[in-house]
């Protein structure tokens, strides 16, 4: 079983990496949900086109846009 190093690093078991196609140098994302850490391989281009329907409003300043989003 992997242990957490003093730098808070872990080594993923090779079997798990092979199952998910994770290679040395690949980027992964981690997050906490329901008291569990989940590690996900980041896929290049996975978010491509995600915001294509979003249109900006050039009449608003950045500050106005931020305040609008926070409401």
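Before moving on, here are some points about what is shown:
- Calculated [θ] (222 nm, deg cm²/dmol) that DSSP helices of n ≥ 4 give over the chain, each run adding -39,500 (n - 2.57): -6000 deg cm²/dmol
- Relative to the 2.2 N^0.38 Å rule of thumb, the chain has a C-alpha radius of gyration ratio of 1.71.
- Those residues of region 33-47 whose amide nitrogen sits under 14 Å from the label point placed on residue 18, 7 Å along Cα→Cβ: none
Where a number appears in this text, it was derived from the coordinates with a stated rule and is not lab data. Predicted model only: the values in this text are computed from it and were never measured. Virtual Cβ from ideal backbone geometry, glycine too; neighbours counted across all protein chains shown.
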